[in-house]
Amino acid sequence: MKFKKEIKIGIIVTLIIFLFLWGYNFLKGRNLFSSYNYYYTVFPKIDGLQKSSPVTVNGYVVGLVSDISFGSEKLDELVVEIGVKKSYKIPDNSLVEITSDLLGTKSVVLLLGNSGTIAEKGDTLTGSMSAGMLDAISEKLIPVADNANRLIISIDSLMLALQNTFNDDTQQNIKSIVANLEQLISSERKKISSILTNFESVSGNLKKSNEDISSVISNLNSFSNTLAASDVKTTIDNANRSLAHLSTLLEGINDGQGTIGQLARNDSLYIYLQRSLEDLDKLLVDLRENPRDYVHFSLFGKKKSKK
């Protein structure tokens, strides 16, 4: 029985030692249950990268950061050792970047190259610092913050100007204007009500006349269709020809052609008519003065006058 207890104690101690070694190596970035190829890269700074930080390719964890140390006595560069599972082959022109998530947790990203040569364990890969998500967000937020500050300053200036504008005198004037408007509305309420009533009456009449208006529009459409269907062009052509003939006739009269032209252009007829009217006038005067020379009326006859 005592022997069995010693065996149990030995097994427990062995397990404790194994777990301690496994935890220690895990914290150092080494997993005793997995085999790794270790590579190195050099950074001027690591911005909080720690041992056991994950190493990812396209977001998938392929290894861990196994060690971080200074590369020289000047402390101007840091050497980061990463362990990648042996089942993954890394091209020798791959890049190693340090990135961070929204919470600021650092990790290592492998950007696989296109070289056909596979990196050997212990090789040094090229390292670079990426802007991280927080840095990218900060770069986006800084202009927004600047704009917000300028907006706040503008609003503050506007509020100050409004405060200076709406002083006690201005507020009193506004109150007086509002009071006058209220008094005006109160005194002219009947007129306003009458105007609104008339407006409603007019709108009602327009609504009632809607059918008449529609009929008028229909008649106009019918009239326009009738005009479109009629031979307006022929009528206009005939009118143009008539006007052309009339113009030709008037030109002939103006040139003295024909009877009307002779009357219009020759003054001999006027002179002849003038003389005839003068002779007729003399005849009428003589007839009035000596009617017996022209009219003979007697049952027994009468001698002619010796005149």
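The values are calculated or read from the model by the stated rules, or taken from the named source; none is laboratory data. All figures in this text were calculated on a predicted structure; none of them were measured in a lab. Cβ: placed from backbone, ideal geometry, glycine included. Neighbour counts: every protein chain shown. These area figures cover heavy atoms from the full protein model, side chains too; ligands, DNA and RNA do not enter into them. Shrake-Rupley method; radii C 1.70, N 1.55, O 1.52, S 1.80 Å.
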Qualifying positions in segment 264-307 - of a type in the set (A, V, I, L, M, F, W, C), open to solvent by 100 Å² or more (accessible area, probe 1.4 Å) and modelled with pLDDT of 80 or more: L277
How do the strands (runs of 3 or more DSSP E) wholly within segment 58-118 filter down when requiring 2 or more residues that are crowded, with 19+ Cβ neighbours inside 10 Å and of a type in the set (D, E, K, R): which remain? none
Within segment 121-162, residues at pLDDT below 80, in a helix (DSSP H, G or I) and polar (S, T, N, Q) come out as S138
From the option list F199, F223, single residue qualifying as open to solvent by 90 Å² or more (accessible area, probe 1.4 Å), at pLDDT below 75 and over 30 Å from L103 (Cβ atoms) is F223
Pair list, Cβ < 6 Å and 6+ apart or interchain, from segment 45-66 residues that are of a type in the set (D, E, K, R) to residues that are open to solvent by less than 30 Å² (accessible area, probe 1.4 Å): K51/G29; K51/V65
